[in-house]
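> One structure follows; several queries about it will come next.
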């Protein structure tokens, strides 16, 4: 038993020093991971096409049609003009199918694009994937025209996200 303990303790200490997955998470200042997905209308979306075309608000949400996701989408719908006046476009992304996103978009008269990531590859690249589930956490990223991440909100209140985004865009754009 003593021999087993003398082997296990150093091994446990070594494991504690290894970098965690969180250490590899996307950070402010990093380049936004490039991706291509389908939109709610079945078209193609390529993040690289946004380079030089203003700010990008990329918000991840778990499931279209659920109460929190509906509140968040409707808040962005209601604030879309204020956000666009700051030179930004909003994109909501989830693992929902194109058909489910089209229904959600139509039902709530959303004036911005929803993106379908059924395999959660984009969600994983941004570190916003729920453990075990193939669903996104509720996270919001602000990406500048050079496709650099300028803000990450991993503690999102669905009803307040759009207002926080508008305020953050104003603040980020007035920084020297």
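> Which count do you get for residues in segment 48-64 that are in contact with a helix residue (DSSP H, G or I) (Cβ under 9 Å, 6 or more places away or on another chain) and not in a loop (DSSP other than H, G, I, E, B)?
Of segment 48-64, the ones in contact with a helix residue (DSSP H, G or I) (Cβ under 9 Å, 6 or more places away or on another chain) are 54-64.
When the remaining residues are screened for being not in a loop (DSSP other than H, G, I, E, B), the result is 55-60.
Going through segment 48-64 one residue at a time, the tally reaches 6.
> If a residue must be under 13 Å from the mean Cα position of the chain (by Cα), surrounded by 14 or more Cβ atoms within 10 Å (Cβ to Cβ) and free of Cβ contacts under 8 Å to residues at least 24 places away in the same chain, how many such residues does segment 137-164 contain?
The number of residues fulfilling the criteria is 1.
> Identify the residue in segment 99-117 that is out of contact with any helix residue (DSSP H, G or I) (no Cβ under 7 Å at 6 or more places or on another chain) and in a strand (DSSP E or B) and, among all such residues, is nearest to residue 130 (Cα to Cα).
115
> Working carefully through the options 26, 8, find the one that is in contact with a helix residue (DSSP H, G or I) (Cβ under 9 Å, 6 or more places away or on another chain) and modelled with pLDDT under 95.
Values: 8 fails: in contact with a helix residue (DSSP H, G or I) (Cβ under 9 Å, 6 or more places away or on another chain).
On inspection, the qualifying residue turns out to be 26.
> For segment 80-96, what are the residues that are over 24 Å from residue 48 (Cβ atoms) and either free of Cβ contacts under 8 Å to residues at least 12 places away in the same chain or outside any helix (DSSP H, G or I) (or both)?
Taking segment 80-96 and keeping what is over 24 Å from residue 48 (Cβ atoms), we get 81-82, 85.
Residues satisfying the conditions are 81, 85.
> For segment 158-176, enumerate the residues that are closer than 13 Å to residue 76 by Cβ and out of contact with any helix residue (DSSP H, G or I) (no Cβ under 6 Å at 6 or more places or on another chain). Steps first, please.
Kept after step one, since they are closer than 13 Å to residue 76 by Cβ, are these residues of segment 158-176: 158-166, 169.
Passing the criteria: 160, 163, 164, 165, 169.
> Still on this structure: Check segment 21-31 and report whether any residue there is in a strand (DSSP E or B) and either surrounded by 11 or more Cβ atoms within 10 Å (Cβ to Cβ) or free of Cβ contacts under 8 Å to residues at least 60 places away in the same chain (or both).
From segment 21-31, those in a strand (DSSP E or B) are 31; that's our starting set.
Then drop every residue that is not either surrounded by 11 or more Cβ atoms within 10 Å (Cβ to Cβ) or free of Cβ contacts under 8 Å to residues at least 60 places away in the same chain (or both), which leaves 31.
So far as segment 21-31 goes, yes, one or more of its residues are in a strand (DSSP E or B) and either surrounded by 11 or more Cβ atoms within 10 Å (Cβ to Cβ) or free of Cβ contacts under 8 Å to residues at least 60 places away in the same chain (or both).
> When you check residue 167 against the structure, is it without any contact (Cβ under 8 Å) to a residue 12 or more places away in the chain and over 12 Å from the mean Cα position of the chain (by Cα), yes or no? Spell out the reasoning first.
Working: without any contact (Cβ under 8 Å) to a residue 12 or more places away in the chain: yes; over 12 Å from the mean Cα position of the chain (by Cα): yes.
Taking the combined requirement at face value, the residue satisfies it.
The values are calculated or read from the model by the stated rules, or taken from the named source; none is laboratory data. Computed from a prediction, not measured in an experiment: that's the story for all the values here. Cβ atoms come from the backbone with ideal geometry, glycine included; neighbour counts cover every protein chain shown.
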